[in-house]
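In what follows, a single structure is set out as structure tokens and then discussed.
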Amino acid sequence: MTLNSDKIIKEMINYFKKDVKRINHTLKVYSFCNTIGTLEQLNDKELLIVSLSGILHDIGIKEAEKKYNSSAGPYQEKEGPAIAKEIMNKYDIDTYTIERVCYIIGHHHSYKKIDGVDFQILVEADFLVNIYEDEMDQNAINTVRSKYFKTKTGSAILEDMYL
């Protein structure tokens, strides 16, 4: 798992080039994905999906900005999967994993489509980073907690960091 993740991280950094803000955002989300996934005792396959989703979740932003002049969630979801698939296809990653990661990336702002713990963990990890980066107020944080946090680990981290 680590070998693939490290190579995918390098691909993501190369893709975003000098966009340090997005690279740092991605690395923080990836770290929370791994922490939550490990503490929630995911198996190796699930942990790989969570890790790859964390690394590639925002990979569609550049193309969305180019095509639509916007980094809005629906555009990221539309553009991200094809780019992620192209990156993952360079490595020995099985078809199921690639398809699952692409599904998560293609819906990571569509919270009603969360259909598994792997997807749930990515959403929680992304919120843990976005709460800080977007300077959300306490009301917004409480809303996010009640609506979107389901895992014991993600909820505990949210409490420790923000509440």
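The values are calculated or read from the model by the stated rules, or taken from the named source; none is laboratory data. The model shown is predicted, which means the values in this text are computed figures rather than measured ones. Note that each Cβ is placed from the backbone with ideal geometry, even for glycine, and that neighbours are counted across all protein chains shown.
Could you check segment 1-20 and list, in sequence order, the residues that are in contact with a Leu (Cβ under 9 Å, 6 or more places away or on another chain), modelled with pLDDT under 95 and among the aliphatic types (A, V, I, L, M)?
Passing the criteria: only MET1.
Listed here are the residues, each with its yes/no results for (1) more than 19 Å from GLY54 (Cβ to Cβ); (2) surrounded by 13 or more Cβ atoms within 10 Å (Cβ to Cβ); (3) under 15 Å from the mean Cα position of the chain (by Cα); (4) aliphatic (A, V, I, L, M).
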{"site": "HIS109", "(1), (2), (3), (4)": "no, yes, yes, no"}
{"site": "ALA125", "(1), (2), (3), (4)": "no, yes, yes, yes"}
{"site": "MET136", "(1), (2), (3), (4)": "yes, yes, no, yes"}
{"site": "SER155", "(1), (2), (3), (4)": "no, yes, no, no"}
{"site": "ASP160", "(1), (2), (3), (4)": "yes, no, no, no"}
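Kindly list, by first and then second residue, each pair from a residue in segment 39-55 that is surrounded by 22 or more Cβ atoms within 10 Å (Cβ to Cβ) to a residue that is outside any helix (DSSP H, G or I), limited to pairs with Cβ atoms under 6 Å and residues at least 6 apart or on different chains.
Listed pairs, sorted by first residue: LEU48/MET1.
Identify all residues within segment 141-153 that are within 16 Å of CYS33 (Cα to Cα) and loosely packed, with under 15 Cβ neighbours inside 10 Å; write none if there are none.
Once the filter is applied, which keeps residues that are within 16 Å of CYS33 (Cα to Cα) and loosely packed, with under 15 Cβ neighbours inside 10 Å, segment 141-153 yields LYS150, LYS152.
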